[in-house]
Structures are given as C-alpha cells and as structure tokens.
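To start, the structure under review is shown below, and the notes come after it.
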Amino acid sequence: MIGPTAGVLGVTGWSGAGKTTLITAILPVLAARGLRVSTVKHAHHDVDLDRPGKDTYRHRAAGAVEVMLATANRWALLHELPEGELPPLDTLLAHMTAVDLVLVEGFKSRAYPQILLHRAGQGKPLPEIRGPHVVAVASDAALADLDLPVLPLNDVAAIADFAAGFARSPAR
C-alpha cells in the first residue's frame with residue numbers, strides 16, 4: 001500500500017504535450033536527490049502487456065482474475081477488469097509500495113494535485129484549468145493572468161524542485 005504521507009502529483013495536458021517526456025526527465029533528478037518515486041500511467045486505448053502463447057496469457061484466457069509473473073528482477077501483476085470499469089486512482093495507488101512520491105500521468109478529471117502542461121508550439125489552447133486540483137502550469141510560453149505558479153516547461157530542475165515539494169522527505 002502507498003504510504004499515508006507519500007505525495008501524489010499528476011502531469012496532465014493535451015496528447016503530445018510531452019507528459020511522458022517530462023516525467024522521464026524529472027525521475028532521475030528526483031532519484032538523485034534520494035527520493036523513491038513510482039509512476040501511474042493512464043492509457044485511453046486498450047493495452048495488453050501479455051502475449052498470446054505465453055503461460056501468463058494462457059492463465060488469463062482460462063479465467064484467472066489476477067496473474068502474477070515473478071522473476072529475480074521484477075514482478076508484475078495483471079488484474080482483469082470488467083470492460084469499461086477503470087478503477088479510481090486511490091484504488092490503484094493502494095496496490096503500490098510505499099514511496100516518497102507517485103507521479104501520475106493522466107487521470108486529469110480526478111481530484112489530486114496536478115501540473116498542467118501547455119506547449120504553445122502544439123497550436124492548441126491552454127487546457128481549461130478546472131478546480132483547485134491544478135497547482136501549477138508548465139509551459140514554454142509566457143502566460144499572464146494565472147493565479148498559479150507558471151514553471152518553464154524546459155527547466156527540468158525547476159519542475160523537479162516543484163515536484164519534490166509533494167514528496168515525503170526521506171529524512172522524516
């Protein structure tokens with residue numbers, strides 16, 4: 001289960017804005033600071049990490065609700081869901097090991113702190129800032145009249161500094 005004081009911070013924005021690129025850029029910076037960070041990625045399309053013909057696939061096809069694959073280097077748990085029933089983010093987080101910070105890509109309609117990405121070169125408008133869940137905007141353009149911190153999208157260190165503020169300090 002995720003630790004009760006672990007932070008959760010989302011990265012949301014239009015498709016192609018660079019959410020994955022940003023997360024993969026700040027992960028090593030946070031890790032170098034001694035933070036243990038996990039991620040959750042939301043996909044809008046069907047993804048299957050298993051392949052036909054593999055034993056785990058055969059277990060699922062035969063009706064297993066969950067299949068765990070374990071090796072000396074990692075383990076993975078595949079959990080079958082009824083079609084169209086994405087679990088709440090809190091339910092997914094409850095399955096994760098305690099860490100200092102969980103970075104969440106997507107789940108923009110859920111109630112948790114989020115950095116909204118805006119890449120002006122994409123030609124799309126700044127996404128609507130909904131409610132108090134958006135805590136900052138990271139953009140490659142100057143944005144005026146926002147009552148939120150605006151982080152330079154290409155300044156990985158500045159965004160990592162902001163993200164670290166949501167982490168449970170290892171020293172605590």
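The values are calculated or read from the model by the stated rules, or taken from the named source; none is laboratory data. In this text, all values refer to a predicted model and were calculated from it rather than measured experimentally. Glycine gets a Cβ as well: all are built from the backbone with ideal geometry, and neighbour counts include every protein chain shown.
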Problem set entry | Residues located in region 120-129, provided they are within 28 Å of residue 93 (Cβ to Cβ) and surrounded by fewer than 14 Cβ atoms within 10 Å (Cβ to Cβ) | 128
Exercise. Of the conditions (1) part of a strand (DSSP E or B); (2) free of Cβ contacts under 8 Å to residues at least 40 places away in the same chain, residue 129 fails just one. Which one is it?
Worked result: (1)
Exercise. Do we have residue 99 as under 30 Å from residue 74 (Cα atoms) and touching a Ser or Thr at 6+ places or on another chain (Cβ under 9 Å) here?
Worked result: yes
Problem set entry | Test: residue in region 107-119 that is assigned by TED's automatic domain parsing to the domain that holds residue 33, under 30 Å from residue 61 (Cα atoms) and touching a residue at least 40 places away in the same chain (Cβ under 8 Å) | yes
Exercise. Out of curiosity, is residue 123 in the same structural domain as residue 26 (by TED's automatic domain parsing) and in contact (Cβ under 8 Å) with a residue 24 or more places away in the chain?
Worked result: no
